[in-house]
Amino acid sequence: MHFSLKCVLFLQALSLFSLFTQGQKLEESMDEVKIEVLHLPENCSPKSKKGDLLNAHYDGYLANGTKFYCSRTQNKGHPKWFVLGVGQVIKGLDIAMMGMCSGEKRKVTIPPSLAYGKEGYAQGLIPPDTTLIFEIELYAVTKGPRSIETFKQIDVDNDKKLSKTEINYYLKKEFEKDDKPRDQSYHDSVLEDIFKKNDHDGDGFISSKEYNVYQHDEL
Ligand SMILES: *[C@@H]1O[C@H](CO)[C@@H](O)[C@H](O)[C@H]1NC(C)=O
Ligand SMILES: [Ca+2]
Ligand SMILES: [Ca+2]
């Protein structure tokens, strides 16, 4: 008796658990970005990751085939630059362009929940609850302005925070790279601006947390 009761309870728990996981799976598959790789270069590296600066052309289509966006006809046909994974593009594109290398082409299908949702966009150009399809060609994957690598490079004394001296030194080197001479007052104003925008607790240092807009990356 004792044993069978336990057994029933166990079975009940099991079925609850499986219901739960089924429900979860269903939701996941509805909200998934579908990725088809149309072209993969032989040498496919480096692969894009969160925080990288990407350069890409993309065409956007509604599920019925209507083209609603084409980066080639905008901004004089220059491919678009954006930082990956930080919400500069719709969520679905942030997901769809992870792990992609320069020269790669993808066709991606994005559910409304990861695009413009129930609201739609631009007065019905994208109607509510619309699945979007993008064809993406990636031209460049580069380290983003807020990469861990850059932080370490600036943090010369390796104390995991950036002093004015360290940033000043880094800026000097960066400015020397392009040939335009910059005077000290320009320099000072950039430095001041950097601290105003980033030194949130006002302690005179930019901590790794203050620097790293992406938060989750361990420095
Ligand atoms: C596709 O859908 C959009 C938005 O609902 C509509 O404006 C357009 O006329 C449709 N195109 C075709 C070819 O059905
Ligand atoms: Ca430091
Ligand atoms: Ca600080």
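Annotations
- Annotation note: of Val156, Val108, the sole residue that is more than 16 Å from ligand 1 (Cβ to nearest atom) and either touching a residue at least 60 places away in the same chain (Cβ under 8 Å) or in the same structural domain as Tyr58 (by TED's automatic domain parsing) (or both) is Val108.
- Being modelled with pLDDT of 85 or more, within 19 Å of Ile148 (Cβ to Cβ) and part of a loop (DSSP other than H, G, I, E, B) is a condition met by no residue of segment 164-180.
Residue-wise test of (1) surrounded by fewer than 18 Cβ atoms within 10 Å (Cβ to Cβ); (2) under 17 Å from Ser71 (Cβ atoms).
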residue: Val86; (1), (2): yes, no
residue: Ile90; (1), (2): no, yes
residue: Asp94; (1), (2): no, yes
residue: Gly103; (1), (2): yes, yes
residue: Val108; (1), (2): no, yes
residue: Glu119; (1), (2): yes, no
residue: Ala122; (1), (2): yes, yes
residue: Asp129; (1), (2): yes, no
residue: Tyr139; (1), (2): yes, yes
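- Among the residues of segment 172-191, at least one is surrounded by 10 or more Cβ atoms within 10 Å (Cβ to Cβ) and in contact with a His (Cβ under 8 Å, 6 or more places away or on another chain).
The values are calculated or read from the model by the stated rules, or taken from the named source; none is laboratory data. Since the structure is predicted, the reported quantities are computational estimates derived from the model, not experimental observations. Cβ atoms come from the backbone with ideal geometry, glycine included; neighbour counts cover every protein chain shown.
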